[in-house]
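The values are calculated or read from the model by the stated rules, or taken from the named source; none is laboratory data. From a predicted model like this one, the values you see are computed outputs, not experimental measurements. All Cβ positions, even for glycine, are placed from backbone atoms using ideal geometry, and neighbour counts span all protein chains on display. Protein only, heavy atoms only, side chains kept; ligands, DNA and RNA dropped before computing areas. Shrake-Rupley method; radii C 1.70, N 1.55, O 1.52, S 1.80 Å.
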Amino acid sequence: MKIKFICYLLFLSVSFSFAQMSITTLQGSDPILDGDVFEFDTNIFEDAKLKFVLGNTSTTESIQIKIEVVSFTNTDGTNLQLCVQPLCFFSIQIGDTYPNSPITLGPGQDNGVNDYFVNTNPGDGVNYPMEYVLRFFTLNDNGDEVGDDITITYL
């Protein structure tokens with residue numbers, strides 16, 4: 001009985017030991033939550049930027065983060081920027097993940113205040129809104145997804 005109890009405790013500690021990802025609009029500011037929608041009625045570069053900070057809320061474990069392009073509507077993925085420092089991508093594809101190698105954050109670290117997504121595509125004058133769905137997720141050392149992901153929509 002004692003062995004079963006110890007095994008159960010070990011299972012629980014392993015099951016809940018995954019580090020946690022946080023995303024905020026500015027360092028330590030408003031959290032970005034799963035399902036959030038961000039609307040911009042301009043394609044002027046600075047005014048249309050969705051600035052975000054990737055963070056690790058764990059005090060003991062490092063995490064690895066990637067961003068997946070789930071979908072986009074009324075656009076072909078050009079004339080935008082997805083910057084996850086120090087890399088910027090000027091065109092994205094549905095189903096692709098960015099950056100190529102995951103962002104690794106140590107316990108309590110964040111990626112700084114220079115990450116953003118911005119659409120500067122003026123559109124075709126007819127098909128609106130242009131919509132981008134992005135998913136932020138964490139990986140373990142084997143490259144397997146772990147923990148909760150956060151999916152947002154940028155309009």
- Item | Residues (of a type in the set (S, T, Y) and touching a strand residue (DSSP E or B) at 6+ places or on another chain (Cβ under 7 Å)) located in the stretch 57-91 | T57, S62, S71, T73, T78, S91
- Item | Enumeration of residues in the stretch 45-85 that are surrounded by fewer than 16 Cβ atoms within 10 Å (Cβ to Cβ) and closer than 23 Å to D30 by Cα | F45, E46, D47, T57, T59, S62, Q85
- Among the candidates T138, T120, single out the residue that is at pLDDT 95 or above and not small (G, A, S). T138
- Is it the case that the stretch 116-135 has a residue that's open to solvent by 30 Å² or more (accessible area, probe 1.4 Å) and within 20 Å of T57 (Cβ to Cβ)? yes
- Contacts under 6 angstrom Cβ, first residue in the stretch 141-155 being touching a residue at least 40 places away in the same chain (Cβ under 8 Å), partner surrounded by 10 or more Cβ atoms within 10 Å (Cβ to Cβ) and among the β-branched types (V, I, T), 6 or more apart: V146/T138; G147/T138; I150/I23; T153/V37; T153/V133
- Message: Between Q64, Q81, which is touching a Ser or Thr at 6+ places or on another chain (Cβ under 8 Å), among the polar types (S, T, N, Q) and modelled with pLDDT of 95 or more?
- Response: Q64
